[in-house]
Every structure is written in C-alpha cells, then in structure tokens.
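The values are calculated or read from the model by the stated rules, or taken from the named source; none is laboratory data. Please read all numbers here as calculations on a predicted model, not as lab measurements. Note that each Cβ is placed from the backbone with ideal geometry, even for glycine, and that neighbours are counted across all protein chains shown. All accessible areas refer to the heavy atoms of the entire protein, side chains included, with ligands and DNA or RNA removed. Shrake-Rupley method; radii C 1.70, N 1.55, O 1.52, S 1.80 Å.
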Amino acid sequence: MLRGLYAPYLVATGVWPYAHRRSFERVTGPKEDYWLVQTVGALAIAIGASLGIAVRRRGREPETIVLGTASCIAFGLASVRASQTESRVYLGDALLEVAFLAAWLEPVLDR
C-alpha cells in the first residue's frame, strides 16, 4: 500500500517547484540555484513515473525494488542535508523517505 503512494508523492514534489515557485520557496526557503531545484524536481518526476508504472503492473523485479530503495535513500539523505542548511521542513520529507524505504524493502525482507 505505502509503495503505491511513493510514485505520486515523487511526482507531486517534483512538479511543485515548476508549478509555483513562490509557495515552494516559502515552505522550503529561498534558493540561489533554482536550476538545481528544477533538476532534482525533474528527476523526482522521472523516478515517480517509472515506479508508478511498475507498481501498477505489480512489478517486483529486482530493478524496480533497487530504484525504489535507492531513490528513498538518495532523497532522504538530501533532505537531511537540506534540513541543516535550508529549512527544517525537509526533516518531514526525510521521515517519509524512511517509511517509504521500509515499504520498498518489505518484499526483500519477507524472503
């Protein structure tokens, strides 16, 4: 169930800085290099779309699980770092990434 929520979460958080920069920066803090925000957003959209298709097909292929777990780890670590320099709101994302990580690891741990 939680794995199915990760794809739309990634897509929504990836689209947000494109859709409304002002509200994004109001919540996450001002950004000097907005191109970097947009690059991370585009990657989140791409990963979310890929995982969304895989989850919809009930994919449990190793590459799907690796993409899901690796993206949780990467975005989670980035959020921890951003919480130290940008905004504490990123700690909320880091906690969500841990929950999503557990969901992606569940099929591996059940073996």
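Test each condition in (1) exposed (fewer than 12 other Cβ atoms within 10 Å of the Cβ); (2) charged (D, E, K, R); (3) in contact (Cβ under 8 Å) with a residue 40 or more places away in the chain for Glu86 and report the one that comes out false.
Failed condition: (1).
Just need a number here: residues in the stretch 17-29 that are assigned to a helix (DSSP H, G or I) and open to solvent by 80 Å² or more (accessible area, probe 1.4 Å).
Qualifying residue count, the stretch 17-29: 4.
I'm checking my understanding of the structure. Among residues of the stretch 30-54 that are within 23 Å of Thr85 (Cβ to Cβ) and among the aliphatic types (A, V, I, L, M), which one is least open to solvent (accessible area, probe 1.4 Å)?
In this case the residue turns out to be Ala44.
Okay, residues lined up against (1) assigned to a helix (DSSP H, G or I); (2) in contact with a strand residue (DSSP E or B) (Cβ under 9 Å, 6 or more places away or on another chain); (3) touching a residue at least 60 places away in the same chain (Cβ under 8 Å); (4) not basic (Lys, Arg):
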{"position": "Lys31", "(1), (2), (3), (4)": "no, no, no, no"}
{"position": "Gly59", "(1), (2), (3), (4)": "no, no, no, yes"}
{"position": "Gly68", "(1), (2), (3), (4)": "yes, no, yes, yes"}
{"position": "Ser79", "(1), (2), (3), (4)": "yes, no, no, yes"}
{"position": "Ala82", "(1), (2), (3), (4)": "yes, no, no, yes"}
{"position": "Asp93", "(1), (2), (3), (4)": "yes, no, yes, yes"}
{"position": "Ala99", "(1), (2), (3), (4)": "yes, no, yes, yes"}
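Hey, among the residues in the stretch 1-16 that are at pLDDT below 95 and among the aliphatic types (A, V, I, L, M), which one's least open to solvent (accessible area, probe 1.4 Å)?
Across the stretch 1-16, the extreme among qualifying residues is Leu2.
Among the residues of the stretch 55-65, is any surrounded by fewer than 17 Cβ atoms within 10 Å (Cβ to Cβ) and modelled with pLDDT of 95 or more?
Scanning the stretch 55-65, I find no residue that is surrounded by fewer than 17 Cβ atoms within 10 Å (Cβ to Cβ) and modelled with pLDDT of 95 or more, so the answer is no.
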